[in-house]
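Nothing in this text is a laboratory measurement; each read-out follows from the coordinates by a stated rule. These figures come from a predicted structure and were not determined experimentally. Neighbour counts run over all protein chains shown; Cβ positions are idealised from the backbone, glycine included.
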Amino acid sequence: MSIDLKNVDYVYDSGEPFEYFALRGISLHIDDGAFVGIVGRTGSGKSTLVEHLNGLLFSTRGEVIVDDEIVSKERTVLAKVRRRVGIVFQYPEDQFFAETVFEEVAFGCRNYGFSKEQVDESVHKAMSTVGLDLERFLSLSPFQLSGGEQRRVAIASVIAMGQKYIVLDEPTAGLDSGTKLAVLTELEALRQTANVTVILVSHNMDEVAEFCKEVVVLDGGTVAFQGSTDAFFSDVDLVDRTGLELPESYRLARALKECGSSLTVNECSTSRMLDSLRLCVSDLGGA
Ligand SMILES: Nc1ncnc2c1ncn2[C@@H]1O[C@H](COP(=O)(O)OP(=O)(O)O)[C@@H](O)[C@H]1O
Ligand SMILES: [Mg+2]
């Protein structure tokens, strides 16, 4: 099972004097169980693209296919697609409305007609997945929480519904780096334990290098690259052309090479690089 886009165009205000081609001929494939990054400069079409995945927007041309279902406005199709794909928006806390954290997280489950026991179980599981203490948080107002806690509640309210594809549009924007790392680590654990597919829109190349094995790179509404994250960041010209920056780990590896260092480090992500640097240093110590 997978998500596939075939030659998708999306035009805002189609037929109007100010019509705008936000997506042009997008074709891509996202496998079940993947952790995929969607990157590209501001305005490249990332949000427009992900809003097609659960029928918030409908392609002007081409097809969006979720597990063999061609996304359309037809009610039964849309219900099926939304049952499979959940989206967490950039500042989801702006959309909080419930009086308690429990009610906020339970809302989607109730909408899907879960029984009381299923709602309780799903809310508890989702809260623990995002690392929030049930006893402490469930009866608080979502508006009483810190920014990081609010973001976690928003993610919990999407994962509680048990969708198999979780799309996050810049979910760590504005969070401190410790919270960022924790939230993404929790999503990676969810991917591994529940075989959830995670689609992460991000402008933070360090977190992309750390968590995403594959990336889709958008440039002016087209796919400039799709493939392994390492292959993308190894192509410095392409990274530059698409208006992105190298992750710190790749920059450090390049700097080491340029100054003739014989250290062979794994540059794929900061954590893997640190591991290989530790190995190098302990080898030197043992020599
Ligand atoms: N509602 C809209 N009406 C018209 N143009 C839009 C609308 N939303 C986005 N756009 C335009 O579409 C392009 C892609 O936007 P978006 O998908 O939000 O990019 P990204 O998420 O990569 O920053 C931008 O040029 C943006 O100005
Ligand atoms: Mg966006």
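Per-structure values
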quantity	calculated
Cα-centred dipole magnitude for segment 120-224, charges only on beta-carbon of K, R (+1) and D, E (-1), debye, nearest 20	200
Cα-based Lys pair tally, the chain, threshold under 30 Å, eight or more apart or on separate chains	26
Magnitude of the charge dipole, the chain, Cβ model with Lys/Arg +1 and Asp/Glu -1, debye to 20	340
Hz values of 3J(HN,Hα) by residue in segment 242-250 - Karplus curve (6.51, -1.76, 1.60), Gly and Pro given as x	8, x, 10, 10, 6, x, 3, 4, 5
Ranked list, fewest to most other Cβ atoms within 10 Å of each Cβ, for Lys46, Lys80, Lys213, Lys73	Lys73, Lys213, Lys80, Lys46
Karplus 3J(HN,Hα) series, Hz, for segment 187-196 with 6.51 cos²θ - 1.76 cosθ + 1.60 (x for Gly, Pro)	5, 5, 5, 5, 4, 6, 7, 10, 6, 7
For the chain: rounded, prolate or oblate by the Cα gyration tensor [a/c cutoff 1.5]	oblate
Spin-label zone in segment 158-173 - amide nitrogen under 19 Å from a point set 7 Å from the Cα of Ser115 along the C-beta vector	161-162
Leu57 long-range amide H proximity, modeled H, under 5 Å	His52
Under Karplus coefficients 6.51, -1.76 and 1.60, residue-wise ³J(HN,Hα) of segment 168-180 in Hz, glycine/proline x	10, 9, 6, x, 9, 4, x, 8, 6, 5, x, 5, 3
Lys, Arg +1 and Asp, Glu -1 on Cβ, resulting dipole of segment 43-127 about Cα centre, debye, nearest 20	340
Dipole of segment 160-242, positive end: most advanced residue of Thr193, Thr222, Phe211 [Cβ charges, Cα centre]	Thr193
Structure-based [θ]222 nm, the chain - -39500 (n - 2.57) summed over DSSP H runs of at least 4, per residue, nearest 500	-12500 deg cm²/dmol
Added length on full extension, which subtracts the Cα-Cα distance from 0.36 nm per residue, Asn7 to Ile70	21.4 nm
Amide H contacts of Asp9 (H built 1.01 Å from N, under 5 Å, at least 5 apart or other chain)	Gly25, Ile26, Thr60, Arg61, Gly62
